Amino acid sequence: MSSYCDFASGNAIHGPYHDLEYGFPLEDESRLFERLLLEINQAGLSWELMLKKREGFRRAYDGFDVDRVAAYGERDRARLLTDPGIVRNRLKVNAAIENARTIQALRATHGGFAGWLRAQHPLRKPEWVKLFRRTFRFTGGEITGEFLMSIGYLPSPHREDCPVYAVIARMQPPWLQVPSSFWA
């Protein structure tokens, strides 16, 4: 069976993401926010489109600065809905702004988004999905699962014979810090 590891290898668009980001543990708040925002915007579309529009998203959302996005008002919403460099979907734009505000609130309770993720771990995917639906906007099963896999909280998206798997394993992402029987 073909996997993303097979497809991405050598691909100009997918290759760098596969080799340097996908499944790697993340702690930085703006990078976590970026990944969540991209996963939300990918819903109904292709990941390739997200990778192609990534710089457009970065410009449109002030470098994924949580505080700046959380402060967006109606003028910013209108600007985003006319920006051809991103996905112009009102629900996704609203989710980005509301999720930035949620991340701000997580600072008071958990020290930030990364602290909140660590405090919940370990959870299996169905439990994560319920938690994300209660906490964030526009986060169903696929979005939540892909987001968590992409940042190392759910088992690796890489095949064990993929060279990237070994690199990630040495970094001890959260999913590898629990017994393998937990994931069975």
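Within segment 89-137, the trypsin sites (Lys or Arg not before Pro) that combine a DSSP coil assignment with at most 12 other C-beta atoms in a 10 angstrom radius are ARG124.
Could you line up PHE182, PHE138 from fewest to most neighbouring Cβ atoms inside 10 Å? If you can, show how the numbers build up before the last one.
On the way: PHE182 12, PHE138 22.
Starting with the residue having the fewest Cβ neighbours, the order is PHE182, PHE138.
Computed from Cα positions, the angle between helix 90-110 and the longest principal axis of the chain comes to roughly 70 degrees. Strictly over 26 Å apart at the Cα level, which of LYS92/LYS130; LYS52/LYS130; LYS53/LYS92; LYS53/LYS125 would you flag in this model? Too far apart for the 26 Å limit: LYS52/LYS130; LYS53/LYS125. The sum of -39500 (n - 2.57) across all DSSP H runs of n ≥ 4, divided by the residue count of the chain, sets its helix-only mean residue ellipticity at 222 nm to -18000 deg cm²/dmol.
Would you calculate the convex hull of the Cα atoms in segment 4-183 and tell me its volume per residue in Å³?
Numbers: hull volume 19.6 nm³, N = 180.
About 109 Å³ per residue, rounded to a whole number.
Helix 141-150: angle to the longest alpha-carbon principal axis of the chain, degrees 0 to 90, nearest 10? Compared with the principal axis, the helix lies near 60 degrees.
Computed from the coordinates by the stated procedures, all read-outs in this text should not be read as laboratory data. Treat the numbers as computed from the prediction; the structure is a model and nothing was measured. Note that we place each Cβ from the backbone using ideal geometry, even for glycine, and neighbour counts take in every protein chain shown.
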